[in-house]
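Here the structure comes first, spelled out in C-alpha cells, and everything after it is commentary.
The values are calculated or read from the model by the stated rules, or taken from the named source; none is laboratory data. Just so it is clear, the model here is predicted, and its values are computed rather than measured. Note that we place each Cβ from the backbone using ideal geometry, even for glycine, and neighbour counts take in every protein chain shown. Please note that ligands, DNA and RNA were not included when accessible areas were found on the heavy atoms of the full protein model with its side chains. Shrake-Rupley method; radii C 1.70, N 1.55, O 1.52, S 1.80 Å.
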Amino acid sequence: MILPFRTPADVDAVTGQVRAHLDAGLVLAYPTETVYGLGSAPSAPALDALAKLKGRPAGKPFLVLIDGFEMLDAWGLVLNAHARAMAREFWPGPLTLVLRGGEGKLPDALRGREGGIAVRWTSHRGMAQLIGRIGKPLTSTSANLPGQPAAPGPESIERMFPDAIAKGELLVLDGGVLGNVPPSTLVDCTGPLPLMVREGAIPRDELRRRVGSMAP
C-alpha cells in the first residue's frame, strides 16, 4: 500500500496505520531529508525483516532516526562533548552520529564493530512528527537493493519491492520525488576523538568551520 505523506494532515491520517504496521514487525518506506529510506521498529524481529527485504548482509547495522534530544535521552543514547557540539549545531539535519549507550533499550544488532549506534535527528518535518507520535526511534537504511541507487520516489520503490508491497509487508509513504541529495555525513563519536566515516551532505570543512576542534 502507498499512502500520501506530503502535508501535516497526511501525517495525522497515517499515524495509526503506521504504528500498527511497525508494531507488527513490518517494514516502512518513507522520505527523509536526504534519500528515501526503509525502516522498522527498533526490535530484533523487525530488524530481521528489514535485513531480509533489503538483502543486507549480517553484521552491517542500520541507523536510527529520532525526533529530538528527549528521545535520545529516553533510549539511553549518550552524547560525548564532541557529539554534543556537532548535534547542537547541525541537528536536526543530515548528520549521523555513532553514539555509545542504548544498552537494554535498543537491540545489539544495531551496533557496529566499534560498539556504537548510528543516530540522526531527522529534519524531514513529516517524519520527525510521525516518529514523535509513535514514541520510539525508527530504524533507517536507503531504499534500494544492493548495488542499486537509492529510490528517488515511491514509484521506484514499487518497482523494486512489488511483492512485499502486494503482501502488505512493506508500507510506502509517498512524500513525492526527492532531489539528488547526498547521503548524511557520518561521524563516529564512540572514541576519545571523532572519526569521519563518510563525508556526505555536510562537508568536513563545514563541520570544522562551525564547531572547530570538536569536529573530525
Inset, instruction - Within region 49-90, track down each residue that is farther than 18 Å from Gly116 by Cα, surrounded by fewer than 17 Cβ atoms within 10 Å (Cβ to Cβ) and either among the polar types (S, T, N, Q) or without any contact (Cβ under 8 Å) to a residue 24 or more places away in the chain (or both). - result: Lys52, Pro57, Glu70, Arg88
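Please count how many residues of region 124-143 are among the polar types (S, T, N, Q) and either open to solvent by 50 Å² or more (accessible area, probe 1.4 Å) or farther than 18 Å from Leu65 by Cα (or both). Spell out the reasoning first.
Applying the first criterion (among the polar types (S, T, N, Q)) to region 124-143 yields 129, 139-142.
Of the ones still in play, those that are also either open to solvent by 50 Å² or more (accessible area, probe 1.4 Å) or farther than 18 Å from Leu65 by Cα (or both) are 129.
Total satisfying the criteria: 1.
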Inset, instruction - Could you list, in sequence order, all residues of region 153-201 that are open to solvent by 60 Å² or more (accessible area, probe 1.4 Å), within 20 Å of Thr96 (Cβ to Cβ), in a loop (DSSP other than H, G, I, E, B) and out of contact with any helix residue (DSSP H, G or I) (no Cβ under 8 Å at 6 or more places or on another chain)? - result: Asn180, Pro182, Pro183, Pro192, Glu199
Legend entry - Pair list, Cβ under 6 Å, 6 or more apart: region 140-156 residue without any contact (Cβ under 8 Å) to a residue 40 or more places away in the chain, other residue outside any helix (DSSP H, G or I) and surrounded by fewer than 17 Cβ atoms within 10 Å (Cβ to Cβ): none
